[in-house]
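Structure record follows, encoded as structure tokens.
The values are calculated or read from the model by the stated rules, or taken from the named source; none is laboratory data. Source: prediction; values computed, not measured. Because the Cβ atoms are built from the backbone with ideal geometry, glycine has one as well, and the counts that use them run over all protein chains shown.
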Amino acid sequence: MGDVGEKLKGYTIIKEGEAEILMHSSNSVFFNKAQVNNRDMSIAVLRTFIDKRKEEHAAMLNKKGKSEQKVLECTLGTEAEATTFQSQKTNGDCEMHLNQSIDEADETVKEPTMASSWKGPRELKAPKVLEALAASGLRALRYAREVDGIGHVIAVDNDKASVEACRRNIQFNGSVACSKVEAHLADARVHMLTHPKEFDVVDLDPYGSPSVFLDSAVQSVADGGILMCTATDMAVLCGGNGEVCYSKYGSYPVKGKYCHEMALRILLASIESHANRYKRYIVPILSVHMDFYIRVFVRIYTSASEIKNTPLKLSYVYQCVGCDSFHLQSLGRIVSKNNSVKSAPGFGPVVPQECTHCGKKFNMGGPIWSAPIHDQEWVLSMLANVKAMKEKYPAYDKITSVLTTISEELHDVPLFVSLHNLCATLKCTSPSAVMFRSAVINAGYRISGSHVNPLGLKSDAPMDVIWDIMRCWVKSHPIRAQPPDHSGTVILSKEPKLQANFARVVASLSKAQAKKVKRFLPNPERHWGPKVRAGRQITSKHSSLLGPQILTGSSNNEVENGAASEQDVNDEHIAEQDVNDEHIAKRQKTHDLSTSDP
Ligand SMILES: C[S@@+](CC[C@H](N)C(=O)[O-])C[C@H]1O[C@@H](n2cnc3c(N)ncnc32)[C@H](O)[C@@H]1O
Ligand SMILES: [Zn+2]
């Protein structure tokens, strides 16, 4: 006992879910308790993946069985018919069937949903997971201990102290952990490149940007497997540093209220671009903005023909510098000719040189992923799974609220408008969200909320309609005169073509709102945000932004997000916290300040 006590001296035991880790007071290995949301969401995805994979495997076996049956029937039939009738036609028919069956069987082999571990005769192996940037191993341990049906979990880190801590934590977590989790000291990129298509799940959870890991990660995921990827460099992705964003992700961000959704779409476009280099493509299943970071979950498949459709899934964004109206310009379009369908460069430009609403110029951002960023079936399955296992998720409230809001988003509508922003442009009072939503629905369009911003409204209504609704609103809620060159003045100088009807409609409230289900939650405690990286000097800046406790117990750290600028931290803290309307409005104002031009 004394021995154990001696060994544990200087360590604190941290428990999250089923896993326990030993953290040394020197804080030489990274741990952030706020990332429990991230880890819980990933566990929810993993559990759903295991279920879906079983369903897909059963469907594949079924299909294979049927095609084998067909081949058998046809072969037997052919033999019988050949002896009895010697019918050329029947043989012909059968030949066709045989060919079909061979094609189908061949297709089954290439079936995109097949992961590498399915290659065995008929058995489905437990999924193999790579946690490429593992730190203490907490995440790997939680996957191994909490997810039924999971296979081996390989935890890699290039930091010696982290790998030692990880090995210690594996031991500390007992026999299941010891049999399932392995720790390796390696550069994640080298490990992934030397294990092509080996992992059914690859998890990237870096400090800051994942950009340097993407190329190797897309190569190490098995066909039909999942890449889970976090990015915490929100200031870069949200337009604080457009050129840096371009150099890391190959896309220009534009500053807007939708910047966190744009960040998700930039990351997806970047992963797709890396995947395409290896004849692979992504299918997003869930893309979330939580706390101070974004995290995407995508499946990866191989198909030389499908990658030709990538330009159809990408768009540039034109955003007016005066009124923030935005328009999407698809990179590709479909051309049908003589029964064949091809993709061709998109027609453009979709906007004139000057904004038709206010006369100002456009900034151009992108390319972004403009196809859906979630798979609704997955989202609903995840939500149901999480609700059924409530006690298994320490961050249950947070992840159910995020998944609920996502389940109600319009998945085919990229980006969103903010009612407060529209009103700020016109300098008018704001209609309630319900009135505005009703006016959009009464005009014949769809509208939903957005999980990334409590004030965001996604709609398929064109900007003309949105501005007409606001013009009608201002007619009954007049404003003080504004300078003539002001964007709002120019917008209001035009008569609306549409007569807005603000009469409340039932569908103006989402199901969750109607049932008073919480869609946005406050942070559980102060300074719930990015943590510091092992090995850097803490300054007073860190303590003022991250809380005074940062100075106690850790003497040498750096802020978790890569760029680690003050703006990053502000942005991350402000990113999503709210709850009631008052706080939302206040936060929105602060957010505006943190993401506006210096
Ligand atoms: C943010 S921490 C990971 C946190 C962990 N996933 C969790 O949930 O607690 C990032 C880790 O990546 C490691 N790392 C950074 N660059 C790496 C590389 N090229 N190869 C392997 N590990 C790396 C760092 O040492 C650090 O431990
Ligand atoms: Zn404009």
- Please verify whether segment 275-286 includes one or more residues that are within 25 Å of SER418 (Cβ to Cβ) and either in contact with a strand residue (DSSP E or B) (Cβ under 9 Å, 6 or more places away or on another chain) or surrounded by fewer than 24 Cβ atoms within 10 Å (Cβ to Cβ) (or both). yes
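Residue-by-condition table, conditions (1) within 16 Å of ligand 2 (Cβ to nearest atom); (2) exposed (fewer than 15 other Cβ atoms within 10 Å of the Cβ); (3) among the hydrophobic types (A, V, I, L, M, F, W, C):
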| site | (1), (2), (3) |
| --- | --- |
| SER303 | no, yes, no |
| LYS308 | no, yes, no |
| VAL321 | yes, yes, yes |
| ARG333 | no, yes, no |
| ASP375 | no, no, no |
| GLU391 | no, yes, no |
- Being touching a helix residue (DSSP H, G or I) at 6+ places or on another chain (Cβ under 9 Å), of a type in the set (A, V, I, L, M, F, W, C) and within 17 Å of LYS128 (Cα to Cα) narrows VAL156, VAL212 down to just VAL156
- Message: It is to be established whether one or more residues within segment 444-454 are touching a strand residue (DSSP E or B) at 6+ places or on another chain (Cβ under 8 Å), within 30 Å of ILE285 (Cβ to Cβ), at pLDDT below 95 and surrounded by fewer than 23 Cβ atoms within 10 Å (Cβ to Cβ).
- Response: no
- On the given criteria, is VAL190 out of contact with any strand residue (DSSP E or B) (no Cβ under 7 Å at 6 or more places or on another chain), surrounded by fewer than 24 Cβ atoms within 10 Å (Cβ to Cβ) and either among the β-branched types (Val, Ile, Thr) or more than 24 Å from GLN35 (Cβ to Cβ) (or both)? yes
- Query: Which number in (1) over 16 Å from CYS259 (Cα atoms); (2) charged (D, E, K, R); (3) not in a helix (DSSP H, G or I) marks the one condition that LYS308 misses?
  - Reply: (3)
- Query: Any idea which residue in segment 470-494 is nearest to ligand 1 (Cβ to nearest atom), counting only those that are in a loop (DSSP other than H, G, I, E, B), under 17 Å from GLY359 (Cβ atoms) and not basic (Lys, Arg)?
  - Reply: HIS486
- Item | Residues of segment 156-194 satisfying the condition of being within 26 Å of MET389 (Cα to Cα) and not in a helix (DSSP H, G or I) | ASN173, VAL181
- First in segment 464-485 and more than 14 Å from VAL440 (Cβ to Cβ), second anywhere and among the polar types (S, T, N, Q) and assigned to a loop (DSSP other than H, G, I, E, B), Cβ under 6 Å, 6 or more apart: HIS477/THR429
- Message: Looking at segment 146-158 only, could you name the residues that are within 14 Å of ligand 1 (Cβ to nearest atom) and either touching a Lys or Arg at 6+ places or on another chain (Cβ under 8 Å) or hydrophobic (A, V, I, L, M, F, W, C) (or both)?
- Response: GLU146, VAL153, ILE154, ALA155, VAL156
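Condition check ((1) of a type outside the set (Lys, Arg); (2) more than 30 Å from ARG265 (Cβ to Cβ); (3) not in a loop (DSSP other than H, G, I, E, B)) across all residues:
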| site | (1), (2), (3) |
| --- | --- |
| GLU409 | yes, no, no |
| ALA424 | yes, no, yes |
| MET435 | yes, no, yes |
| ALA439 | yes, no, yes |
| GLY444 | yes, no, no |
| ASP468 | yes, no, yes |
| PRO496 | yes, yes, no |
- Qualifying position, being basic (Lys, Arg), part of a loop (DSSP other than H, G, I, E, B) and more than 26 Å from SER28 (Cα to Cα), among LYS248, LYS197: LYS197
- Message: Just the residues that are buried (at least 24 other Cβ atoms within 10 Å of the Cβ) and either in a strand (DSSP E or B) or among the aliphatic types (A, V, I, L, M) (or both), please, taken from segment 291-300.
- Response: TYR293, ILE294, ARG295, VAL296, PHE297, VAL298, ILE300
- Task: Would you check if there is a residue in segment 317-325 being within 25 Å of ALA231 (Cα to Cα) and either touching a residue at least 60 places away in the same chain (Cβ under 8 Å) or touching a Lys or Arg at 6+ places or on another chain (Cβ under 9 Å) (or both)?
- Result: yes
- Note on the structure: In segment 359-370, residues that are free of Cβ contacts under 8 Å to residues at least 60 places away in the same chain and either more than 16 Å from ligand 2 (Cβ to nearest atom) or touching a helix residue (DSSP H, G or I) at 6+ places or on another chain (Cβ under 6 Å) (or both) total 0
- Message: Tell me whether segment 480-487 contains one or more residues that are in contact with a Phe, Trp or Tyr (Cβ under 8 Å, 6 or more places away or on another chain) and crowded, with 19+ Cβ neighbours inside 10 Å.
- Response: no
